[in-house]
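The values are calculated or read from the model by the stated rules, or taken from the named source; none is laboratory data. Just so it is clear, the model here is predicted, and its values are computed rather than measured. Every residue, glycine among them, receives a Cβ derived from its backbone with ideal geometry; neighbour counts consider all protein chains shown. Protein only, heavy atoms only, side chains kept; ligands, DNA and RNA dropped before computing areas. Shrake-Rupley method; radii C 1.70, N 1.55, O 1.52, S 1.80 Å.
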Amino acid sequence: MLIIKRTFRWIIYAILAVIAFTLIVAAVIRFTIFPNINHYKDDIAATITKKTGLKTTVGNIVPGWDGLSPKVLIREIDIYDAENKSALHLENVNGTLSWLSIPMLHPHLSHLSVRNPKLTIQRTQDGSIYVAGIAMAGEAEPDFANWLLSQADININNASIIWQDDLRQAPALSLEKVDFNLRNPAWRKIFGQHLFSINALPSTGTKHPITLTGHFFGRDVSKIETWRGEVNLGARVIDLTVWKPWFDYPIDLQSGVGKANVALSFSNKSINKLKADVRLNKLSVKLDKSEELLNAKLLSGLLTWEESNKTTTFSGQHIKLIADNQFNIDNGSGFISRKIKNNEPWINAALKLDTFDLSYLSKLQIVISLPDTISQPLNAMNPQGKLSKLSISLQGDPQSPSSYKVESAFNALSINAYKNIPGFSNLIGEIEANEDNGTLQLASTNVILNLKDILRWPIPINALDGKVSWSKNKDKIKIIANNIAVANDHIAGSLNASYDMNGIKGGYLDLSGKFDNGDAKFAPFYYPLIMGDETIHWLDSSILAGKANDVQLTVKGSLDDFPYIDKQNNPDPSLGVFKVTARISDATLEYGSDWPKIEKIGLDMRFEGNSMELNADKGKIFDVNIMKAKAVIPELKTYGAMAQSLNIDAVGEGPVVSNLLITAPLKK
């Protein structure tokens with residue numbers, strides 16, 4: 001208890017001592033220093049000259065009080081540069097002395113204000129920066145600048161600042177009507193953080209004031225390379241291109257006018273992040289290595305550029321673009337990152353769009369250089385249509401990405417046939433794909449399908465529904481089609497298929513289909529080119545009408561072995577199966593140009609391997625009723641003019657049969 005009382009007593013004594021000392025100092029200031037302070041102006045000027053290494057003159061000093069704190073008004077201060085030209089002219093400098101100066105044992109101001117100063121900031125050709133002739137680094141002592149930096153509150157009003165950048169050989173840039181505030185709250189000062197704000201009217205680029213706010217960390221002006229911080233800039237109407245002499249944009253900007261709110265981060269004497277919320281008009285940009293310009297009536301959104309860990313990233317959010325070439329984006333977002341990985345270029349990119357018109361791709365290629373592996377097939381296929389909820393991402397070598405992901409809905413999608421890829425138009429559905437697998441969901445109407453090099457003509461399809469999926473295992477791709485429903489004026493049915501692109505004999509196909517309601521007059525659309533010209537010509541000129549039902553299609557085997565026959569032209573199940581069967585009714589057949597028409601035929605049609613067989617169980621030639629008939633083409637490519645075997649069992653009256661025998665060009 002006694003120890004506590006003694007401790008408390010000593011605390012009281014210490015407080016009373018501090019109060020007494022403060023009163024003594026205040027009395028000394030009030031009655032000794034203040035009445036004679038103007039006599040010290042030459043000493044003050046000499047001290048500043050010694051600290052800065054630059055000639056300094058100080059005008060009259062007027063003392064006063066700001067409440068309980070002593071205040072000093074200096075009428076004029078001039079600091080001259082090495083060429084004896086005024087680099088800083090100050091008028092009416094007001095400083096309020098903080099009582100913290102006593103325990104800190106050096107002058108500390110609680111407030112410093114300056115009105116109507118004129119200041120020159122210069123960057124020389126060697127990169128050194130001088131503020132009012134005071135070097136921010138080098139041999140000149142930075143003590144005075146550091147002392148200013150540590151003050152609690154500095155206000156500069158209606159200043160005029162000139163920025164002279166000799167390193168960039170840029171013209172002088174002046175800022176007028178500058179209001180500046182630097183604050184160092186006590187708890188932030190511990191960490192060396194400083195808050196600032198600036199309002200200024202630049203001599204070029206805009207007729208409206210710009211605003212800068214931000215903070216930075218740094219204690220020594222001679223070590224600016226260690227400083228780091230953030231700066232926020234707001235501009236109402238500004239021409240971005242006029243700033244190019246003093247600032248390097250991360251893109252090749254040719255023109256652009258609008259408003260912008262910009263935030264940048266800096267460290268190590270360089271900008272490492274720049275974020276701009278912009279709305280620009282009359283924009284012109286050169287992208288990538290292209291010589292063409294992207295010209296836009298409007299660009300708005302949040303744009304970000306960042307360089308970190310030797311990676312450069314450019315991103316955009318809520319992007320709206322209206323380009324002169326009708327390339328438009330509404331609510332887009334994405335990013336692209338580039339770096340060197342394992343001594344090779346490496347890219348990471350993503351893009352999201354609410355909607356996208358594929359016709360823009362050809363216009364976009366004019367201003368953006370795409371790898372040949374992408375541009376060549378893209379130009380050949382010429383995709384058209386509209387995408388919605390589009391999401392694309394990729395990583396890897398810019399010329400050949402190792403991974404990618406695509407998700408999108410599509411409407412009126414069309415492409416030209418290219419290599420083994422069929423052409424189509426007016427597809428509706430959704431797609432999800434990556435480097436390993438993918439799915440395609442179809443729900444389309446009024447589609448045109450072009451199976452180039454397989455069928456002669458594009459096929460019109462009234463309705464196309466189903467799901468196609470694929471997967472990749474190393475260099476092998478497997479494609480699976482489930483319940484692909486097809487309907488048009490020709491035929492209706494469904495397909496199921498799997499295609500294993502295993503690199504062996506063209507890959508392995510397992511295809512099955514079932515169709516009904518076929519109309520024979522449209523059969524020429526579906527004759528495979530592999531049948532040969534003569535066979536197709538015979539089918540075109542011979543099968544004139546009819547209805548097809550219960551059409552069964554089977555293809556199973558390696559594509560290089562198609563149509564799966566042995567050396568004797570017989571079907572070889574060990575190689576695979578190609579078979580098409582159908583029930584034909586109410587058919588009209590003209591067997592040959594000199595033959596009479598066979599009408600109201602009912603028959604079973606069968607394509608298998610490389611042969612065709614027709615087995616009729618009814619029909620009529622003139623008034624002769626066919627009871628049974630069989631026509632065979634044993635080798636479709638070889639015997640294409642007409643069937644090489646024809647057997648008919650018919651019933652009719654004698655004269656009618658005689659007429660048939662005379663009319664038909666029968667040969668032994």
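Computed values, structure above
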{"read-out": "Within the range 538-560, tally of residues that are part of a helix (DSSP H, G or I), open to solvent by 40 Å² or more (accessible area, probe 1.4 Å) and under 20 Å from Phe578 (Cβ atoms)", "value": "2"}
{"read-out": "Single residue of the range 585-618 satisfying the filter (within 55 Å of the chain's Cα centre (by Cα) and among the aliphatic types (A, V, I, L, M)) that is least open to solvent (accessible area, probe 1.4 Å)", "value": "Met612"}
{"read-out": "Counted residues, the range 476-503 - those being touching a residue at least 60 places away in the same chain (Cβ under 8 Å) and closer than 19 Å to Val577 by Cα", "value": "0"}
{"read-out": "Condition check for Glu225: within 18 Å of Phe266 (Cβ to Cβ) and open to solvent by 50 Å² or more (accessible area, probe 1.4 Å)", "value": "yes"}
{"read-out": "Residue in the range 504-529 that is surrounded by the most Cβ atoms within 10 Å (Cβ to Cβ), counting only those that are free of Cβ contacts under 8 Å to residues at least 60 places away in the same chain and assigned to a helix (DSSP H, G or I)", "value": "Ala523"}
{"read-out": "Qualifying residues in the range 78-88 (those that are open to solvent by 40 Å² or more (accessible area, probe 1.4 Å) and assigned to a strand (DSSP E or B)) - the one modelled with the lowest pLDDT", "value": "Ser86"}
{"read-out": "Those residues of the range 159-196 which are of a type in the set (Gly, Ala, Ser) and in a loop (DSSP other than H, G, I, E, B), in sequence order", "value": "Ala170, Ala172, Gly192"}
{"read-out": "Cβ-Cβ under 6 Å pairs, at least 6 apart or on other chains, the range 415-440 side touching a residue at least 24 places away in the same chain (Cβ under 8 Å), far side crowded, with 17+ Cβ neighbours inside 10 Å and among the aromatic types (Phe, Trp, Tyr)", "value": "Gly438/Trp470"}
{"read-out": "The lone exception for Asp533 - which of (1) touching a Leu at 6+ places or on another chain (Cβ under 7 Å); (2) open to solvent by 60 Å² or more (accessible area, probe 1.4 Å) it fails", "value": "(1)"}
{"read-out": "Members of the range 379-419 found to be open to solvent by less than 50 Å² (accessible area, probe 1.4 Å) and among the β-branched types (Val, Ile, Thr), listed by number", "value": "Val406, Ile415"}
{"read-out": "Test: residue in the range 422-445 that is open to solvent by 50 Å² or more (accessible area, probe 1.4 Å), more than 26 Å from the chain's Cα centre (by Cα) and farther than 18 Å from Pro383 by Cβ", "value": "yes"}
{"read-out": "Residue that is among the aromatic types (Phe, Trp, Tyr), modelled with pLDDT under 85, under 24 Å from Lys273 (Cβ atoms) and open to solvent by 70 Å² or more (accessible area, probe 1.4 Å), where the choices are Phe247, Phe191", "value": "Phe191"}
{"read-out": "Restricting the range 591-648 to residues that are among the basic types (Lys, Arg) and in a loop (DSSP other than H, G, I, E, B), the residue that is modelled with the lowest pLDDT", "value": "Lys637"}
{"read-out": "Filter result for Asp465 (charged (D, E, K, R), open to solvent by less than 70 Å² (accessible area, probe 1.4 Å) and more than 24 Å from Asp372 (Cβ to Cβ))", "value": "yes"}
{"read-out": "Selection count where residues are of a type in the set (A, V, I, L, M, F, W, C), assigned to a strand (DSSP E or B) and under 15 Å from the mean Cα position of the chain (by Cα), scope the range 331-386", "value": "8"}
{"read-out": "Count of the range 370-407 residues which are in contact (Cβ under 8 Å) with a residue 24 or more places away in the chain and either in contact with a helix residue (DSSP H, G or I) (Cβ under 8 Å, 6 or more places away or on another chain) or at positive phi (or both)", "value": "7"}
{"read-out": "Any hit, the range 356-378, residues being of a type in the set (S, T, N, Q), closer than 25 Å to Pro422 by Cα and buried (at least 17 other Cβ atoms within 10 Å of the Cβ)", "value": "no"}
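Conditions (1) open to solvent by less than 20 Å² (accessible area, probe 1.4 Å); (2) modelled with pLDDT under 90; (3) over 22 Å from Leu387 (Cβ atoms); (4) not polar (S, T, N, Q), marked per residue:
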site: Ser290; (1), (2), (3), (4): yes, yes, yes, no
site: Ala296; (1), (2), (3), (4): yes, yes, no, yes
site: Lys310; (1), (2), (3), (4): no, yes, yes, yes
site: Gly316; (1), (2), (3), (4): yes, no, no, yes
site: Ile319; (1), (2), (3), (4): no, no, no, yes
site: Phe335; (1), (2), (3), (4): no, no, no, yes
site: Lys341; (1), (2), (3), (4): no, yes, yes, yes
site: Pro345; (1), (2), (3), (4): no, yes, yes, yes
